[in-house]
Amino acid sequence: MAPPYMGILHSAFWTLIFSMPVFIVRRLMQSVLVLCFMSLLVFVGVYAIGNPVDILINPQADQADIERAIAALGLDKPLWQQYLIFLKQALAGDLGKSFAYNIPAIQLILERMPATLELALAATGMAVFLGIPLGLWAGLKPDSWPGKLIMTGSILGFSLPTFWVGLMLIMLFAVELGWLPSNGRGPTTELLGIPVSFLSWEGVRHLILPATNLALFKLSLIIRLTRAGTREALLQDYVKFARAKGLSSTRVVGVHVLKNIMIPIVTVIGLEFGSVIAFAIVTESIFAWPGMGKLIIDSINVLDRPVIVAYLLIIVSLFILINLAVDIVYSLLDPRVRISEAKG
Amino acid sequence: MTESTLRVENLRTHFFTRQGVVKAVEDVSFSVGAGRILGLVGESGSGKSMTGYSIMGLVDPPGRVVAGRILLGGKDLRTLAPDEMRKVRGNRIAMIFQDPMMTLNPVLRVDTQMIEAIQAHADVSRAAALERARDALARVGIPSPQERLSAYPHQFSGGMRQRVAIAIALLNKPDLIIADEPTTALDVTIQGQILFEMQKLARESGTALIWITHDLSVIAGLADEICVMYAGRIVEHGSVDQVLDAPLHPYTHGLIDSVPSRGRRGEPLRQIPGMTPSLLDLAPGCAFRDRCARADGACAEDPALSSPVAGRQVRCFHPLTQSAVA
Ligand SMILES: Nc1ncnc2c1ncn2[C@@H]1O[C@H](COP(=O)(O)OP(=O)(O)OP(=O)(O)O)[C@@H](O)[C@H]1O
Ligand code: SF4
Ligand SMILES: [Mg+2]
């Protein structure tokens, strides 16, 4: 048998190269099932709530016009037929046109996606760059008053509802103090063909309040995770041994403790990114942020079924991608995973 | 005897808990010279590790060294500023812990963990540090050290991991190594190898060694001197031969009796009756008196260390005499 260390490089390599496709295929098959089920739910749900035509078409229009419109949208056929047609077209890559905007639903969503992704990334970035240092502090000095304050803050962040915090932020910083805008995205700049806010000062000002609002819950989560991880790591022998080697406390905390607690933190940040995007619906509605979340709320209001289905498809795909990325990063961070996967 | 490497005088380490004060180390004094091995023996909870941590300045709150002197080469470590003490740790005094599965950081490569130990104390290039790390691994008997440097701890067996920890302790050629039960978690063959190598090392390099264990049989073949600890205090001190052949303290006697030996094959092992007392608000008087066959009214007072035999010390009002042991 080859000595185990010969396998270090190999195992990481093989794991990434060979186990990923299997894994991707399995995930994909699961997600296709989820999608079929969800699209069916949307079809039945929209059908049960009402007729899109009633909302979309001018009630003053004459009967012939209305019937032509219904036929054009494919809504004259029985529900099961509509669903089969949808499935057939979906397999060919066509998710249909938005009833309201009359452009492909996917295109509509993709146009709104950068705004949501930017908001979600900004919020996650805030949660990470504030949450990890604060959590470390609270973990290293749990009995100091800043440590206690941080924990109290994180309890508030957990328990206050997002929409309420959003309204309070608007009242304080936009209405009372007038420091920050609370409405819309502001001017955008093109970066590699994608419109972004963060490159202009005015854009950043528009981003601050909604990103803070969206970040609050994740920030609390990361603070608690980091604090718990730090407190646990500090009790471990490897920390005592690191100190016994005469390392500075900066190195003990910054390398020995942090590298260990990064494993669960990165996993949770990654897995939660999907839910940040999903939660953006509330924040986008409050701050009139022109992203996918606001689009989906508007689409539900007018029963714009193709957009709702396409939104779900995009969200599910994002979740798959995120999970995949998390798995890869996880195996890079934790050497023990690489080996056990190579063996197993 | 020559000047000792480490001299501990009247060391007291207490834990200030909500329930009260725990006197984990109480009035402990000993010294160990260059190339000498001192065995620190005692039951679980007797304060052996805390003695080691106190010397290293690694006692965590609510614990604190409250009194005593810790003289390393004549300088009292308790008077050092935190950063000066950091420079002593891992450089002049190294410590090895019990569980080799836990002491190495699982997510850092062995070379990282070795290089940082060197660079914490000397301005050495990475390449030079790597070379020293490799030599240290070779010295503790790790095969193909060059390749093993880039491995992670989980890729080593328990015995090999403990060798890595020992190699790390050796990196900066310390004056003193405190080994806190480093072989307890290992199987007997590996334990034997490591004991042999450590002994050789102490002798050859002139490193002073404090070997903490609860296992008298480990000490017997290894140490020069023994300190027996009970409830935070040293109750007996002497050379290995003296203490093991003719213990003065009833507790030491009980410990020796509870070790299986060939001479007493077939006889039931004699356990010391009772349990270690809680160190929390320990009542005055000899801490061993509830378990001691020789206890009498006098033992309600604190016994002081006395020296009934030249070169030996015992903390007991009624030490065993030669005839009583036989
Ligand atoms: N955090 C703490 N709070 C209160 N008391 C403590 C604390 N840590 C240790 N002690 C006390 O210190 C005493 C000595 O502990 P120590 O770890 O030195 O024992 P030991 O002799 O090394 O035992 P073992 O063989 O189990 O390692 C224990 O009996 C315990 O009561
Ligand atoms: S002092 Fe008394 S109780 Fe304590 S060990 Fe000696 S005889 Fe026993
Ligand atoms: Mg111990």
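The values are calculated or read from the model by the stated rules, or taken from the named source; none is laboratory data. Quantities reported herein were computed from a predicted structural model and do not represent experimental measurements. We place every Cβ from the backbone using ideal geometry, glycine too, and count neighbours over all the protein chains shown. Calculation scope for accessible area: heavy atoms of the full protein, side chains included, ligands and nucleic acids excluded. Shrake-Rupley method; radii C 1.70, N 1.55, O 1.52, S 1.80 Å.
Points worth noting:
- Region A:269-297 residues near the modelled residue A:101 label - backbone nitrogen below 15 Å, point 7 Å along Cα→Cβ: A:289-297
- Dipole magnitude of region A:112-301, debye to nearest 20 (Cβ charges: Lys/Arg +1, Asp/Glu -1, about Cα centre): 820 debye
- From largest to smallest, the equivalent ellipsoid semi-axes obtained for region A:112-301 from the alpha-carbon gyration tensor read 35, 18, 15 Å.
- Grouping the Cα pair distances of region B:276-326 into 10 Å bins from zero gives a pair-distance distribution of 23, 48, 26, 3 percent in increasing distance order.
- Taking θ as phi - 60° and the Karplus parameters 6.51, -1.76 and 1.60, the scalar couplings of region B:87-93 work out to 5, 6, 5, x, 10, 9, 10 Hz in sequence order, x denoting glycine and proline.
- Cα long-axis angle, helix A:145-159 against chain A (0 to 90 degrees, to the nearest 10): 20 degrees
- What you get for chain B, charging only the Cβ of Lys and Arg (+1) and of Asp and Glu (-1), is a dipole of about 300 debye around the Cα centre.
- Net charge of Cβ neighbours under 12 Å - reference residue B:15; Lys, Arg +1; Asp, Glu -1: +1
- Alpha-carbon Debye profile of chain B, log10 I(q)/I(0) at 0.07, 0.08 Å⁻¹: -0.30, -0.39
- Positive-pole candidate from B:16, B:169, B:221, dipole of the protein assembly as shown, charges at beta carbon: B:221
- Here the dipole of the protein assembly as shown is about 1040 debye; that uses its Cα centre as origin and unit charges on the Cβ of Lys and Arg (positive) and Asp and Glu (negative).
- Cα-based helix-to-principal-axis angle, B:110-119 vs chain B, degrees rounded to 10: 80 degrees
- Modelled spin labels at residue A:158 and residue A:232, positioned 7 Å past Cα toward Cβ, are 1.5 nm from each other.
- Charge tally around residue A:306: other residues with Cβ under 11 Å, Lys/Arg +1 each, Asp/Glu -1 each, net 0.
- 11 Å beta-carbon shell around residue B:320, net charge (K/R +1, D/E -1): 0
- Residue pairs, from the table A:259/B:87; A:141/A:259; A:148/A:259, whose Cα atoms sit over 21 Å apart: A:259/B:87; A:148/A:259
- Amide H to amide H distances under 5 Å link residue B:302 with B:285, where only residues 5 or more positions off or on other chains count and H is placed in the peptide plane.
- Residues of chain A: accessible area per residue with a 1.4 Å probe, Å²: 52 Å²
- Peptides B:24-36, A:213-225, B:71-83 ordered by packing proxy, namely the average of other Cβ atoms within 10 Å per residue, highest first: A:213-225, B:24-36, B:71-83.
- For region A:294-310, Karplus couplings with θ = phi - 60° (6.51, -1.76, 1.60), whole Hz, Gly/Pro x: 5, 4, 5, 5, 4, 5, 5, 4, 9, 6, 7, 4, x, 5, 4, 5, 5
- Cα pair count fraction exceeding 33 Å, expressed as % - chain A: 45 percent
- Residue among A:261, B:277, B:141 farthest towards the positive dipole end of the protein assembly as shown, charges placed on Cβ: B:141
- Proximity of backbone amide H atoms, modeled 1.01 Å from N, is registered between residue B:40 and B:211, B:212, B:213, B:227 at under 5 Å, excluding neighbours fewer than 5 places apart on the same chain.
- For residue B:5, the amide hydrogen comes within under 5 Å of the amide hydrogens of B:32, B:33, B:34, counting only partners 5 or more places away or on other chains and with H modelled in the peptide plane.
- Debye intensity ratio in log₁₀ form over the Cα atoms of the protein assembly as shown, taken at each q of 0.06, 0.12 Å⁻¹: -0.53, -1.24
- Selected from A:271, A:235, A:214, residue furthest toward positive end of dipole (the protein assembly as shown; charges at beta carbon): A:235
- In sequence order, region A:99-104 has phi-based couplings of 4, 7, 9, 6, 10, x Hz under the Karplus curve 6.51 cos²θ - 1.76 cosθ + 1.60, θ = phi - 60°, and Gly or Pro positions carry x.
- Only helices enter the 222 nm calculation for the protein assembly as shown: every DSSP H run of n ≥ 4 contributes -39,500 (n - 2.57), and dividing by all residues gives -16500 deg cm²/dmol, rounded to 500.
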